[in-house]
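For reference, the structure is listed below as structure tokens.
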Amino acid sequence: MALIGVFDSGVGGLSILDEALRQLPDHDYLYFADSANAPYGEKTSEWIAARSLHICQFLVESGCQAIVVACNTATAEAIRDIRAALQHIPIIGVEPGIKPAAMQSQNGVVGVLATEATLKSDKFNSLLSTLPGDCRFVKQAGAGLVPLIESGQLHNPKTAALLAKHLEPIQAAGADTLVLGCTHYPFLAPLIRTIMGDTVQLVDTSQAVVRQLARQLAEHQLTKSRQSKRSLRLLSTANGAQLHRMAMQLLRADASQRLIDTHTIDLDLITR
Ligand code: DGL
């Protein structure tokens with residue numbers, strides 16, 4: 001077993017943690033939510049890169065043997081620097097699933113809902129440029145959605161109205177497939193289906209990300225089983241109790257048998 005760090009700007013990475021708890025239940029997890037600084041998607045590339053690296057260094061110092069950067073924005077802006085600085089452990093990132101979406105779409109029109117930083121990033125745009133030109137991508141930044149999700153407003157009229165506004169150009173273009181290019185957005189799936197209808201295909205890469213994590217753990221021989229009770233540590237830079245509540249609300253995987261401990265931490269006060 002290994003201690004796996006899962007990091008996001010906030011609660012979005014719980015969508016990846018959920019899948020990891022299902023596919024890889026025999027590991028310990030440390031979930032880090034930088035909710036005091038969410039949303040990342042509206043910050044500069046330099047800030048996102050420096051902050052993400054700082055957090056990953058903290059996760060390694062806390063004993064993590066593998067890290068999932070469970071944030072499309074941080075992956076786009078920081079994964080290269082993180083991998084360069086922490087070469088001895090597997091670092092798994094998450095990217096908008098535009099390739100599988102292009103393959104799944106029947107009519108060749110795909111919506112991409114992601115943060116502004118992700119859509120503007122070189123990493124995303126070079127991925128886009130590798131795809132054949134027969135698919136049209138309608139890109140839309142989901143400004144304002146992350147704070148609503150962070151505060152647990154997943155079903156209320158305000159969230160529905162903002163989401164409907166962001167989805168309008170995607171619907172107007174006739175997209176039959178929508179890429180959820182931010183790890184917060186899978187939690188809006190029921191609302192998205194209400195707005196776009198049940199036939200829209202939603203593409204979320206969490207299963208593929210966790211399969212990649214499993215491969216990397218095997219390669220690094222971090223798969224041995226163990227006896228003791230498994231743990232789930234929840235750390236938030238804003239409010240540990242709120243993260244705990246959100247985790248209990250959003251995780252569908254069974255975490256009831258784990259030792260769960262929750263803390264609010266101020267990363268800037270931790271001397272390194
Ligand atoms: N959950 C993140 C992502 O996947 C970031 C959202 C944000 O903080 O803007 O992009």
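The values are calculated or read from the model by the stated rules, or taken from the named source; none is laboratory data. The shown structure was predicted, so the numbers you read here are calculated from the model rather than taken from an experiment. Cβ placement follows ideal geometry from the backbone for every residue including glycine, while neighbour counts extend to all protein chains displayed.
Observations
- Cross-chain or 6+ apart pairs with Cβ under 7 Å, the range 37-56 first and within 18 Å of Val94 (Cα to Cα), then of a type in the set (D, E, K, R) and away from the ligand (no atom under 13 Å from the Cβ): Ala49/Asp81; Leu53/Asp81
One line per residue, one yes/no per condition, for (1) within 13 Å of the ligand (Cβ to nearest atom); (2) farther than 16 Å from Ser236 by Cβ:
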{"site": "Leu30", "(1), (2)": "no, no"}
{"site": "Ala33", "(1), (2)": "yes, no"}
{"site": "Lys43", "(1), (2)": "yes, yes"}
{"site": "Glu46", "(1), (2)": "no, yes"}
{"site": "Ile55", "(1), (2)": "yes, no"}
{"site": "Glu61", "(1), (2)": "no, yes"}
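- Pair list, Cβ under 9 Å, 6 or more apart: the range 139-154 residue within 23 Å of Ala241 (Cα to Cα) and charged (D, E, K, R), other residue in a loop (DSSP other than H, G, I, E, B) and within 13 Å of the ligand (Cβ to nearest atom): Glu150/Ser9; Glu150/Gly10; Glu150/Val11; Glu150/Gly12; Glu150/Ala38; Glu150/Pro39; Glu150/His184; Glu150/Ala238
- Residue count for the range 188-201, restricted to those that are surrounded by fewer than 21 Cβ atoms within 10 Å (Cβ to Cβ) and within 15 Å of the ligand (Cβ to nearest atom): 1.
- Across the range 132-154, the qualifying residues are those that are within 16 Å of the ligand (Cβ to nearest atom) and among the aliphatic types (A, V, I, L, M), and the one among them that is nearest to Ser121 (Cα to Cα) is Ala141.
- Filter pass, Leu235 being closer than 30 Å to Met1 by Cα and part of a helix (DSSP H, G or I): no
- Residue in the range 224-232 that is among the hydrophobic types (A, V, I, L, M, F, W, C) and in contact with a Phe, Trp or Tyr (Cβ under 6 Å, 6 or more places away or on another chain) present: yes
- Strands (runs of 3 or more DSSP E) fully within the range 122-206 counting 1 or more residues that are closer than 17 Å to Ser9 by Cα and within 19 Å of the chain's Cα centre (by Cα): 136-141, 177-181
- Complete set of residues in the range 215-230 that are surrounded by 13 or more Cβ atoms within 10 Å (Cβ to Cβ) and at pLDDT 95 or above: Gln216, Leu217
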